[in-house]
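Read-outs throughout are calculated quantities, based only on the coordinates presented, and are distinct from any laboratory measurement. Just so it is clear, the structure is predicted and the values come from calculations on it, not from any experiment. Note that we place each Cβ from the backbone using ideal geometry, even for glycine, and neighbour counts take in every protein chain shown.
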Amino acid sequence: MLRYPSRLSSALLCLALLGMLGCPGGDSNEGSGNNASSSTQQKRIIILTNGPDPFWDTCEAGAKAAEKELGLNDEGYIVDFQRGDFTDKKQIDMLKQYALAPDVVAVGISVFNPQSRNLAEEMRALQEKGIKVITIDGDVSLEKYRDARFAYLGTDNYVGGQELGRAAKALSPDGAKFVQFVGNVGAANAIARMDGFVDGAGEGFEELARRDDGGERPKARKNVEDALDQFPECDMLVGIWAYNTPQAVSVVRDRGIREQVKVLCFDAAEASIREMGDGNVDVMVVQNPYQMGYEGVKLLHALVTDDQALIDEMYPDYSQDGTGDLYRTELRVVVPDEESPITADLFEETTEFFKLSEFQEWLRERGLVSS
């Protein structure tokens, strides 16, 4: 009489079959366990921005170019580009996450609030875990928290401000009354640019106000409107962060006061480039975020792999005193193609001078729309 197998017999039969065929849904690599996955897991080199802006799209393009050209993926590394939200809280929260992630080996951060003790402590905590930390574009307070990162890489923002001030002097030889606009008046790069502008412009120029907007575009526009209402004598608007200039141009256009007001700016947002071509922007002092991303990834990779030769090449006199831990990226002055009183001889030898069409060609060659 045919009988159904007992439960024990069924279990033994199943085990036998699994032994011959392998168990679907089980671990077919017995003995490797988590060690296999961790050994093949890519290690992350992170760049964390101060906020979202097309400026950082260009920086990311440079970072990804370095990732590809250096063959980082083949070495087990991946560049992870992440964006803040123009608050130090967001950056602090992100750094805490990095500290808990076993695959993070290096972080380059554009510091939003250089005076944030909590942010500096999180940066130090990353270093204590062996994670390499640098600052890119925006640095910590050098007086208080310099040791929170290995080094800074980016624009000499004070020199950049001076160059923009020299351009302002050429545009308005008899002086001007100006307002400066930025996301955070306390950010290190903002302070340096604004102070540099004042010094570069020199006598005859009167600063009426500095206005910040926390990275909010509607507030950035309202700041321009309020400044022009409060200071009807204002005849020069200075955009310090990339998005400030399009807001200033929009207000000037809406009020029909272009003939009375000069518009100067840092960075070459796509809209600012277009507006310069249309005659609405007088001069741009342009950083090289592409270079920041490219060189930043190179440096972080060198720190992780202990490539001392490259580190010494970038920081030949490295020291966390003076300027030994500061790596300066390129500066450009861009002016309209025609009828600009601004000439190349006004600026430092290391500052590159471009007519707008020349600069646009430089961008096209690199597949970029802004800088």
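Please report S141, S172 as a ranked list, fewest other C-beta atoms within 10 angstrom at the top and most at the bottom.
So the residues, fewest neighbours to most, are S141, S172.
What is the list of residues in the stretch 305-338 whose amide nitrogen lies under 16 Å from a point 7 angstrom out from the Cα of T350, following Cα to Cβ?
Counting backbone N atoms under 16 Å from the label point, the list is 313-319, 322-333.
Remind me, relative contact order of the stretch 188-255 in percent, using alpha carbon pairs under 8 angstrom and six or more residues apart?
It rounds to 32 percent for the stretch 188-255.
Taking 0.36 nm per intervening residue step and subtracting the Cα-Cα distance, what contour gain separates F231 from K96 on full extension?
Length gained between F231 and K96: 44.2 nm.
Which of the listed residues, F359, A190, T58, is farthest toward the dipole's positive end in the chain, when Lys, Arg count +1 and Asp, Glu count -1 at the beta-carbon?
Ranked along the dipole, the leading option is T58.
Loop-only check: which GluC sites (Glu not before Pro) in the stretch 271-349 are DSSP coil with at most 10 other Cβ within 10 angstrom?
E338, E339, E349
Quick one: of the DSSP bridges fully inside the chain, what percent are antiparallel, nearest 5?
Roughly 5 percent of the beta bridges in the chain run antiparallel, per DSSP.
By the gyration tensor of its Cα atoms, with a ≥ b ≥ c the square roots of the eigenvalues, what is the shape of the stretch 123-214: rounded for a/c under 1.5, prolate for a/b over b/c, or oblate?
prolate
Counting only residues 5 or more places away or on other chains, whose amide H sits under 5 Å from the amide H of V283 once H atoms are built in the peptide plane?
Long-range HN contacts for V283: C265.
If you filter the stretch 169-257 for GluC sites (Glu not before Pro), then keep DSSP loop positions with at most 16 other Cβ within 10 Å, what is left?
Sparse-neighbourhood loop GluC sites (Glu not before Pro): E203, E216, E233.
How far, in degrees from 0 to 90, does helix 117-128 lean away from the longest principal axis of the Cα atoms of the chain, to the nearest 10?
Taking the Cα atoms of the chain, the angle to 117-128 is about 40 degrees.
With Cβ to Cβ distances under 12 Å as the rule, what net charge do the other residues near N157 carry (K, R +1; D, E -1)?
Net charge around N157: -4.
When the helix-only estimate is applied to the chain (DSSP H runs of n ≥ 4, each -39,500 (n - 2.57), divided by the residue count), what is the mean residue ellipticity at 222 nm, nearest 500 deg cm²/dmol?
So the helix-based figure for the chain works out to -14000 deg cm²/dmol.
Whose amide H sits under 5 Å from the amide H of E330, counting only residues 5 or more places off or on another chain, with H placed in the peptide plane?
Excluding prolines and chain starts, which carry no amide H, the hits are N288.
Between G293, P316, I240, whose Cα lies farthest towards the positive end of the dipole of the stretch 216-371 when Lys and Arg beta carbons carry +1 and Asp and Glu beta carbons carry -1, centred on the Cα centre?
My answer, from the dipole projection, is I240.
In nm, to one decimal, how far is the K64 label point from the I257 one, both placed 7 Å along Cα→Cβ?
For the pair K64/I257, the computed spacing is 4.1 nm.
Which of K43/K96; K96/K129; K144/K298; K64/K298; K64/K129 have a Cα-Cα distance over 22 Å?
In this structure, K144/K298; K64/K129 exceed 22 Å between Cα atoms.
Given springs between every Cα pair under 10 Å in a Gaussian network model of the chain, which of D80, D325, D229 has the largest fluctuation?
Evaluated over the chain, the most mobile residue of the options is D229.
Please report the spacing between the Cα centers of the stretch 295-314 and the stretch 59-126 in Å, no decimals.
16
With charges only on Cβ, +1 for K and R and -1 for D and E, what is the dipole size of the stretch 180-326 about its Cα centre, in debye, rounded to 20?
The dipole of the stretch 180-326 has a size of about 740 debye.
Starting from 0.36 nm per residue, how many nanometres of slack lie between D199 and V185 once their C-alpha separation is accounted for?
3.3 nm
Would you mind checking which residues have amide H under 5 Å from K177's amide H? H placed 1.01 Å from N; only 5 or more apart, or other chain.
So K177 has HN proximity to E206, D235, M236.
Report, in debye and to the nearest 20, how large the dipole of the chain comes out about its Cα centre when Lys and Arg carry +1 and Asp and Glu carry -1 on their Cβ.
My answer is approximately 1940 debye.
Across the stretch 166-182, in residue order, what do the Karplus-derived ³J(HN,Hα) couplings come to in whole Hz, using 6.51 cos²θ - 1.76 cosθ + 1.60 with θ = phi - 60° and x for Gly and Pro?
Taking θ as phi minus 60°, the curve returns 5, 5, 4, 4, 5, 6, 10, x, 8, x, 7, 10, 10, 10, 10, 10, 7 Hz for the stretch 166-182.
Can you compute the modelled spin-label distance between E143 and R364, with each label point 7 Å from Cα toward Cβ, in nm?
Placing both labels 7 Å along Cα→Cβ, they lie 4.8 nm apart.
Please compute the Kirkwood hydrodynamic radius of the chain from all pairs of different C-alpha atoms, in Å with one decimal.
22.7
Of the options I134, A101, N157, report the single residue whose Cα projects farthest towards the positive end of the charge dipole of the stretch 100-180 (beta-carbon charges: Lys, Arg +1; Asp, Glu -1).
Looking along the dipole axis, the top candidate is N157.
Determine the shape class of the stretch 152-282: with a ≥ b ≥ c the square roots of the Cα gyration tensor eigenvalues, call it rounded for a/c under 1.5, and otherwise prolate if a/b is greater than b/c, oblate otherwise.
Verdict is rounded for the stretch 152-282.
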